Amino acid sequence: MLTGNLKKFYISIVVPSFLTIVLFIVSIYALVIPSFERNMMERKKEMIRELTNIAWSLANEYHTEASDSLLSMEKAKILAAEKIGNMHYGSDQKDYLWITDMQPVMVMHPYRKDLIGKGLSDYQDPNGKKLFLEAVDTVAQSGHGYIDYFWQWKDDSTRIVPKLSYVKAFKPWGWIIGTGIYLEDVKVEILGLEKQLLRMSSFIALVICFLLYYIIRQSLKIERKRKEAENELLLSRQKYKSLVEASTEGTLMMLEEQIIFANLKMADKLECNPEEILVREFGDLFELSWEKASSQVSRPNKSINYETRIKYGINVGKEVILSISKIDFNNQNAFIIILKDVTRQKQFEKETDQLSYKLQSSLLLMNQPIKNFAREILYCSSESTILEAAQLMVRKNRKELFIRQNDQLIGTLSGQDLAERVLAKGMSPDKPVISVMSAPVEVIPEKALLFEAVLLCRQKGLSHLALADIQGQITGLARLDEMTNLEHNSTGFMIHEVEDSETTGQVRAVYQRLPVLIKALIDSGANAYSITRVTTSLADAITKKIIELSIEEIGLPPCRFAFLVLGSEGRMEQSLVTDQDNAIVFEDEDLASSFEAKSYFQKLANKVNHYLDYVGYDFCKGNIMARNPEWTQNLATWKTYFTNWLKNSDPQSILDATIFFDFRCLYGEQEFVDELNKHIQNEMKGKAVFFHHLSQSVMKFKPPINLFGNIVGDSESGEKPHIDLKKLIFPIVGFARIYSLKNNLAERNTPERYEKLLAQKYINRDLFVELRQSYDFLMLKRFKAQVDLIMKNKKPDNMLNTADLTEIEKGMLKKIMSDISLLQTQLNFDFKGTA
């Protein structure tokens, strides 16, 4: 008697296979053969129509010659009829054309010469059809057409068969030209096809039956072996369960990536019950990928230790050591995992490594030239009073002032000088500033390193130094407090400088030092996420300062507004090659007020965009900037834009608008952005077609790799291909954008989007790790290539010369391209454009 599993096998495998065979045979006879008959008949009809048209053209040629008096009309008819009569076709050259007139009288017939010149009005086929009169009626109605009748088989007058002819009128001579096909020919061809299909389907059916027989037989053997293995496995499980439970350390046993045993000691470590552990996955318990952990254990009975943290229970975040060993478990690979606490020595070593990293990072910064961090010098004349000097320092928000006499620096005045020499001694502020200044001016070469400047200040008790170029000209100022602060927060130092700037020129000077900072971060081993946070933080500070300076010039805005940044800045992922992508949304007003607001914000946008271009953020080539009137609108208009993109736009318009879905508020009213986001989320519900079109931007990407797996690049520069890294990273960014929008996630930054997609289980951890590694690799390569070009005084771009890559890096690029293809497959599956 069959077991339950075998019954299920028969129902799920054998029956569907048998039904498939039956459906295959039925479809051949019910669909394929009738379709073939129709197609064959259409081809035959097309053939006789074309042959008749050729004969008609031949008659027309002779008629034209007769009309041109090249020969008589009667002679032309005779020659035409003779020529058409000699036209034979078919496999045995016995198929022919014939001619009658409209009477009808037979004009020409190659096999029935007895009918030539005779009237055919009463001529009938064996079924009584007056076929020649029907031909006359057909051409009289439409000039041409098909007729069916019975006629002799080619030149055999004893054999009468069905025939289908095509007839066409030649009006100048009153002729009817025709030819036909024998339906017997078609039937013979179809019969041959049916025999071939019958033999083929029979053979396929026999092969499938044989395979089913073999599968069923093997399944019976496997079922018997499975029962035997289950019994052996049960005994083995009991043995290992006893060993795990007897262990004095926290112990797990895993088989096929599932936890099958956990002892009480492990439950104590995790502060939970053993039963809770058994229903969890390894990745739920520890901050360590099981795939990574198990792949390193190659040989049985050899242990590998990993440092990780607990993710489950009360002790979340506690650092532990996992010792993992491979064992043979009933001819399967199983793993024993033993949990140990991190010792004090290990903790000390880890803290030492972290401190060493910080010191190395600071050392890299401190070995940069001091000129990269210099401030502009503030001067006053030696004839100025103490009061005038102090007022200048307050107005410019500076802690020191240089005294100049005859274009020479003769001394400095600091806030400490004012406190100790003026206020403490009650000196009159009307006295000349030279009476309280410090002299001489301490100078250091601008090519000196940052740590050398700090050392000099501390040795001499100075708060600042003047920098001099190779000709001895003073070029800038270095302050001790800012140099010291640079050790801890270089980005904060530069942002502080931007915030203190009073002109766009000063802002530009800060921005031009950004590549130096990025190079130091790359050299110190910073990841892509940290670097993009630096570039974006500085870009945000610069844009805010530019907006403030612009408002100071043109006056306060007439209503509330928000300045939006889009694209890479909206995602907080700017590189060193970036253009402006921004827009303005202002408060809804009445018609008159809206016109006034539109005029003001258009003026503001022009200034902001031009100043940003001057600082170093190029104009957008696609003109997606606030200075474009289309992208400076009130809130209601912006809502209409997004509604149209989501509902009515064609695919190309949606792709062009992709950049607008990565927006955030940089300056002004966050409330407007929140309202716009809420509107988008409401409008986006059920918009499957929108997401289908949006996914096409990723689907259309073609990796720069040929059929042989070699990197070919996006363009050729010299002999080696170059890859556009911006294009290559686009699918990774686009994939995160699409799924974040689909699931109403608020995150804009690509790594943060992937973190949220992982947390909410929209993607699995393996995919998350692959995408993060790909993103970091491409962004770091992009930054490094851009910094290298800037340091060579060349214009940076997004191109990567593959000749500069190691074989490992090329392998990584190929893996990324392969992963992108998988992303495209998933997008194609998830977004088909149907609800």
When every residue in the range 518-554 that is farther than 21 Å from residue 749 by Cα and free of Cβ contacts under 8 Å to residues at least 40 places away in the same chain is compared, the one least open to solvent (accessible area, probe 1.4 Å) is 548
Filter the range 62-81 for residues that are free of Cβ contacts under 8 Å to residues at least 12 places away in the same chain and either of a type in the set (D, E, K, R) or touching a Cys at 6+ places or on another chain (Cβ under 6 Å) (or both); the one that is nearest to residue 133 (Cα to Cα) is 74
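I need the helices (runs of 4 or more DSSP H) fully contained in the range 745-835, keeping only those with at least 1 residues that are touching a strand residue (DSSP E or B) at 6+ places or on another chain (Cβ under 9 Å).
Hits in the range 745-835: 765-791, 807-830.
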Residue count, the range 152-200, condition surrounded by fewer than 16 Cβ atoms within 10 Å (Cβ to Cβ) and among the hydroxyl-bearing types (Ser, Thr, Tyr), comes to 2
* Asked: Can residue 83 be described as charged (D, E, K, R) and within 55 Å of the chain's Cα centre (by Cα)?
  -> no
Note on the range 780-823: residues over 20 Å from residue 712 (Cα atoms), touching a residue at least 60 places away in the same chain (Cβ under 8 Å) and surrounded by 13 or more Cβ atoms within 10 Å (Cβ to Cβ) are 780, 783, 784, 786, 787, 790, 796, 823
For residue 576, the lone unmet condition from (1) closer than 19 Å to residue 628 by Cα; (2) in contact (Cβ under 8 Å) with a residue 24 or more places away in the chain is (1)
Looking across the range 566-620 at residues that are farther than 24 Å from residue 505 by Cβ, out of contact with any helix residue (DSSP H, G or I) (no Cβ under 6 Å at 6 or more places or on another chain) and aliphatic (A, V, I, L, M), the single one that is least open to solvent (accessible area, probe 1.4 Å) is 597
Exercise for review: Kindly establish whether residue 632 is touching a strand residue (DSSP E or B) at 6+ places or on another chain (Cβ under 9 Å) and of a type in the set (Val, Ile, Thr).
Suggested key: yes
When you check residue 109 against the structure, is it closer than 18 Å to residue 53 by Cα, open to solvent by less than 80 Å² (accessible area, probe 1.4 Å) and at pLDDT 90 or above, yes or no? yes
Those residues of the range 138-190 which are within 60 Å of the chain's Cα centre (by Cα), at pLDDT 90 or above and in a helix (DSSP H, G or I) amount to 142
Might you let me know whether the range 620-627 holds any residue that is in contact with a Ser or Thr (Cβ under 7 Å, 6 or more places away or on another chain) and under 27 Å from residue 578 (Cβ atoms)?
yes
Checked 413, 449, 455, 423 against criteria (within 26 Å of residue 471 (Cβ to Cβ) and out of contact with any helix residue (DSSP H, G or I) (no Cβ under 9 Å at 6 or more places or on another chain)); the one match is 455
In the range 246-267, anything at pLDDT below 60 and either surrounded by 14 or more Cβ atoms within 10 Å (Cβ to Cβ) or closer than 14 Å to residue 279 by Cα (or both) is listed as none
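Is it true that some residue in the range 214-228 is under 44 Å from the mean Cα position of the chain (by Cα), at pLDDT 75 or above and either closer than 30 Å to residue 764 by Cβ or open to solvent by 40 Å² or more (accessible area, probe 1.4 Å) (or both)?
yes
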Of the residues in the range 281-293 that are in contact with a helix residue (DSSP H, G or I) (Cβ under 9 Å, 6 or more places away or on another chain) and in a loop (DSSP other than H, G, I, E, B), the one that is least open to solvent (accessible area, probe 1.4 Å) is 288
Within the range 303-338, residues in a strand (DSSP E or B) and aliphatic (A, V, I, L, M) come out as 304, 310, 320, 321, 322, 324, 327, 334, 336, 337, 338
Taking the range 745-779 and keeping only residues that are over 30 Å from residue 513 (Cβ atoms), among the basic types (Lys, Arg) and open to solvent by 20 Å² or more (accessible area, probe 1.4 Å), one is left with 756, 761, 765
So, residue 530, is that one in a helix (DSSP H, G or I), at pLDDT 85 or above and of a type in the set (Ser, Thr, Tyr) or not?
no
>> It is to be established whether one or more residues within the range 584-594 are more than 24 Å from the chain's Cα centre (by Cα), of a type in the set (A, V, I, L, M), within 23 Å of residue 656 (Cβ to Cβ) and not in a helix (DSSP H, G or I).
In response: yes
Of those in the range 428-452 that are more than 11 Å from residue 384 (Cβ to Cβ) and β-branched (Val, Ile, Thr), the residue most open to solvent (accessible area, probe 1.4 Å) is 443
Flagged in the range 638-668 as free of Cβ contacts under 8 Å to residues at least 40 places away in the same chain, within 20 Å of the chain's Cα centre (by Cα) and open to solvent by less than 70 Å² (accessible area, probe 1.4 Å), in numbering order, are 653, 657
For the range 33-49, the count of residues that are modelled with pLDDT under 80, among the hydrophobic types (A, V, I, L, M, F, W, C) and open to solvent by 70 Å² or more (accessible area, probe 1.4 Å) equals 0
Checklist entry - Condition test on residue 785, is it more than 25 Å from residue 710 (Cβ to Cβ) and of a type in the set (A, V, I, L, M)? => result no
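Quick grid of which residues meet (1) open to solvent by less than 60 Å² (accessible area, probe 1.4 Å); (2) touching a strand residue (DSSP E or B) at 6+ places or on another chain (Cβ under 8 Å); (3) closer than 30 Å to residue 723 by Cβ; (4) touching a residue at least 60 places away in the same chain (Cβ under 8 Å):
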residue: 670; (1), (2), (3), (4): no, yes, no, yes
residue: 673; (1), (2), (3), (4): yes, yes, no, yes
residue: 676; (1), (2), (3), (4): yes, yes, no, yes
residue: 681; (1), (2), (3), (4): no, no, no, yes
residue: 686; (1), (2), (3), (4): no, no, no, yes
residue: 695; (1), (2), (3), (4): yes, no, yes, yes
residue: 698; (1), (2), (3), (4): yes, no, yes, yes
residue: 703; (1), (2), (3), (4): yes, no, yes, yes
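The values are calculated or read from the model by the stated rules, or taken from the named source; none is laboratory data. This is a predicted model, so every value here is computed, not measured. Glycine also receives a Cβ, built like all others from the backbone with ideal geometry; neighbour counts cover every protein chain displayed. Side chains are part of the model used for accessible areas, which takes the heavy atoms of the whole protein and leaves out ligands, DNA and RNA. Shrake-Rupley method; radii C 1.70, N 1.55, O 1.52, S 1.80 Å.
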